[in-house]
Each structure stands twice: as C-alpha cells, then as structure tokens.
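In what follows, a structure is listed as structure tokens, so that the remarks can point back to it.
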Amino acid sequence: MKKNVGTAPALYPMPLAVIGAMNGEKPTWTLVAHMGIIGHDRILVSLAAPHFINGCIKKEGKLSVNLVDERMLPEADEAGAVSGNKEDKSALFAWERGEHGAPVIGKAPLSVECTVADIYETKGFESFICTIDGTYVDEKHLDAQGKINYDTLKPVLFEFPAYSYLKTGEMLGRCLSFHKGK
C-alpha cells in the first residue's frame, strides 16, 4: 500500500553540478541539483530567486553546467555553502572561457556551455531554459565511439530529502534490454 506524502518533489537523486556565470571579468559559481532535460536541444537549470548568480546569468545570457565527480566535491560543496553576495568565489576552480563565453571548470569531468533562451519563474525560483552551445568532456570519459561513458565519469548525485551526496552505482543493464518482446 502506498501512502500519499504530499507534494514532495521526489524525483531524486539528481546529478550534482556547479553552475558558472561571468560576473564582469571573473566567474561566480553555485552548487545546483535542480536541473533537467526538456528536449534534445534544451536543458533547465532551476535556482532559488535570491541567488547572486541569477543576476549574472540574466546580464550575460550565458552559463555553464559543470558535473561534479568525487574528486571535486570539496570545492563544489564550498560553492554551495558560500553566498556570492558575501564572498568572491571566482578562485574556487581553475577555469577558462568556453567557446561561447561561459566559464568552464577545468577539473569538471563534463561541462555544458549554454545560452539562456527563456526564464520560467515560479514562487521563489527562476528556471533558466537553455540551449546547448557545447559539451566538453574529459577524453578519458569517452568510449571508442566518442560517446560519454558514465561508468567512468561517475557523477555525484544529490538526494534532497536527506540532503546527501551519493555515489553512482553499477550498471544494471542496457536500456530496452529487459523487454521480453515477441
């Protein structure tokens, strides 16, 4: 028997990422797990409206989504613990500008450079609908066909109800391999 636990956004765990945006000539960073794919050409990054980085994203129209792996978790956690309103976070990561102007973290195993196409506002949140300008992957996480290999990349996951970071696990099988078919 299932119990209705209310309106909990229970689609966790989610990949953990550091969002980057330019603040003048320096980057600023924040930690995010509220992201999603809304098509093969669009992603969504949802941030609480008071975040300092939101104004930077709106001004520049660009952002980067930098997946977090276990080795960069200490810096990523710091990016989420400190407010850009109170502290300059530009030196948290070694970075470079991507081909389209967004700051890309060198240590991130995968970074997606984006242009903001729209902003969807809900109570207390701003969700940035973004086009994908480029996806940068550490070559050691590409398979022989040049596709991203998440078995080696192993992004950290975030689980909201317990406010915890999780490791990705083992592969259970290939998609559509459990289908019995006729």
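The values are calculated or read from the model by the stated rules, or taken from the named source; none is laboratory data. Small disclaimer: the values here were computed from a predicted structure and weren't measured. Here Cβ is always computed from backbone atoms with ideal geometry, including for glycine, and neighbour counts include all displayed protein chains. Note: accessible area is taken over every heavy atom of the protein model, side chains too, but ligands, DNA and RNA are not part of it. Shrake-Rupley method; radii C 1.70, N 1.55, O 1.52, S 1.80 Å.
For this structure, a couple of remarks:
- DSSP-loop trypsin sites (Lys or Arg not before Pro) across segment 1-71, with at most 14 other Cβ within 10 angstrom: K2, K3
- Largest mean-square fluctuation among A49, A144, A94, in a Gaussian network model of the chain whose springs join Cα atoms under 10 Å apart, belongs to A144.
- Sites excluded, GluC sites (Glu not before Pro) in DSSP loops with at most 13 other C-beta within 10 Å, longest stretch of the chain: 100-169
- Taking amide H as placed 1.01 Å from N in the peptide plane, the amide H of V156 sits under 5 Å from that of L16, V68, D69, E70, each at least 5 places away or on another chain.
- 222 nm mean residue ellipticity, helices alone, for the chain (DSSP H n ≥ 4; -39,500 (n - 2.57); rounded to 500): -3000 deg cm²/dmol
- Candidates T30, T115, T152, ranked by Gaussian network fluctuation over the chain, Cα under 10 Å, top entry: T152
- For the chain, C56, C175 stand unpaired, since no other cysteine beta carbon lies under 4.7 Å from theirs.
- Annotation: per residue accessible area for the chain equals 62 Å², rounded to a whole number [probe 1.4 Å, protein chains only].
- Residue-span extension gain [M1 to K86] - 0.36 nm each, minus C-alpha spacing: 25.8 nm
- Dividing the convex hull volume of the alpha-carbon atoms in segment 113-182 by its residue count gives 220 Å³ per residue.
- Rounded to the nearest angstrom and listed largest first, the equivalent-ellipsoid semi-axes of the chain from its Cα gyration tensor are 27, 21, 17.
- Charge tally in the Cβ shell below 15 Å around K140, where Lys, Arg are +1 and Asp, Glu are -1, K140 excluded: -2
- Nonlocal amide H pairs with G98, under 5 Å, H built at 1.01 Å: V104
- Spacing of the modelled spin labels on M171 and I132, each 7 Å from Cα toward Cβ, amounts to 1.9 nm.
- Across N85, N54, N66, mean-square fluctuation computed from a Gaussian network of the chain (C-alpha pairs under 10 Å connected) peaks at N85.
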